[in-house]
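No value in this document is a laboratory result; all are computed from the given coordinates. Worth saying up front: this structure is predicted, and the values here are computed from it rather than measured. No Cβ is skipped: glycine too gets one built from the backbone with ideal geometry, and neighbour counts run over all protein chains shown.
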Amino acid sequence: MPTDTAHTDGPAHTDPPGAPPDGRTLETSALVARLGDVSQWDLEVIDSTQITPSMRRIRCTAPGLAQLSYQPGQDVMLTVPTPAGPSFRRRYTIRSFDPDVPAIAIDVVLHGDGPAAAWAASVQPGGHIEAIGPRGKITVDPHADWHLFAGDDSALPASLAMAASLPEPDRAIVILEVDGADDQQRTYATDARELPVHWVHRSGEGPESGVHLVAALAAVPLPSGRGHAYLAGELGVVAAMRRALLERGMAAEQISAKPYWRAGRANAAHGEPERP
Ligand SMILES: Cc1cc2nc3c(=O)[nH]c(=O)nc-3n(C[C@H](O)[C@H](O)[C@H](O)COP(=O)(O)OP(=O)(O)OC[C@H]3O[C@@H](n4cnc5c(N)ncnc54)[C@H](O)[C@@H]3O)c2cc1C
């Protein structure tokens, strides 16, 4: 059963790993020691490609990266440099891993603001960045009869990586919101068939609205049996999506809801959105 209780949409909030009680960011070595089952890499960018107008794919290698063991849906925590002042930690889902290179790919939304988006927009092959991983507790529930993935652009990497890893990827319910058709991605499952994604278009509206995503969740037919939903994106939208599924009769433990960012507020230095 995947749980990520520190990050679900419930009322309780505990500091995420990596955040000392006073809000500072731990030194990397102290954070690695505290987290336990993670590694630290000096990632080197191999290439950086504009895969859609809003998304940049960055592939990185590192000594020892071939040993990476992770579950689809897990992420790496980057220490993002800033031109002046302290670095910030930001989290990005491992979109894919090729142990032969070895290389991981991350897909970064170019949302126009923030140190991580600026880094992704400008980094060149040969650039280096520190990373810790794998992070994240939300992975595919092996006991579920069906799986539903929903979220905005920032949720594409996790949703598509997790859905493609299912024994029957064609049966995944995937609802993803992007601005328009140009931001849709080809979504190959492992057997090279495309995943059946229900694309929702914002058509110029901000991703913090979420109204189309919530409407799609309210309307999508839910199969019989015990399902599991994986929700990610803007904090308020994730809460609204979760409510929509609870209203449809899903139990709280069938929903893994993870706020990835918060409208109008930079994520905290440890990489998580601050709670209201
Ligand atoms: C576990 C986890 C996995 C994640 N995986 C991915 C991933 O694979 N790909 C990905 O792109 N993001 C992913 N995110 C989200 C990403 O970490 C945040 O969007 C982060 O805020 C980006 O940092 P920044 O420095 O660019 O912006 P920040 O400094 O955090 O924010 C600056 C401003 O930009 C706004 N903003 C931040 N993110 C977005 C956005 N996506 N769209 C519109 N406005 C935004 C904020 O509201 C703020 O006003 C993930 C987050 C978590 C917690």
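Karplus-based coupling profile of segment 225-233, in residue order and whole Hz: x, 9, x, 9, 10, 10, 10, 8, x, with θ = phi - 60° in 6.51 cos²θ - 1.76 cosθ + 1.60 and x standing for Gly or Pro. Adding -39500 (n - 2.57) for every DSSP H run of four residues or longer, then dividing by how many residues the chain holds, sets the calculated 222 nm ellipticity at -5000 deg cm²/dmol. Charge dipole of the chain (Cα centre as origin; +1 on each Lys and Arg Cβ, -1 on each Asp and Glu Cβ, all else neutral): 320 debye, rounded to the nearest 20. Across the chain, the longest piece that holds none of the trypsin sites (Lys or Arg not before Pro) lying in DSSP loops with up to 13 other C-beta atoms within 10 Å covers 25-185.
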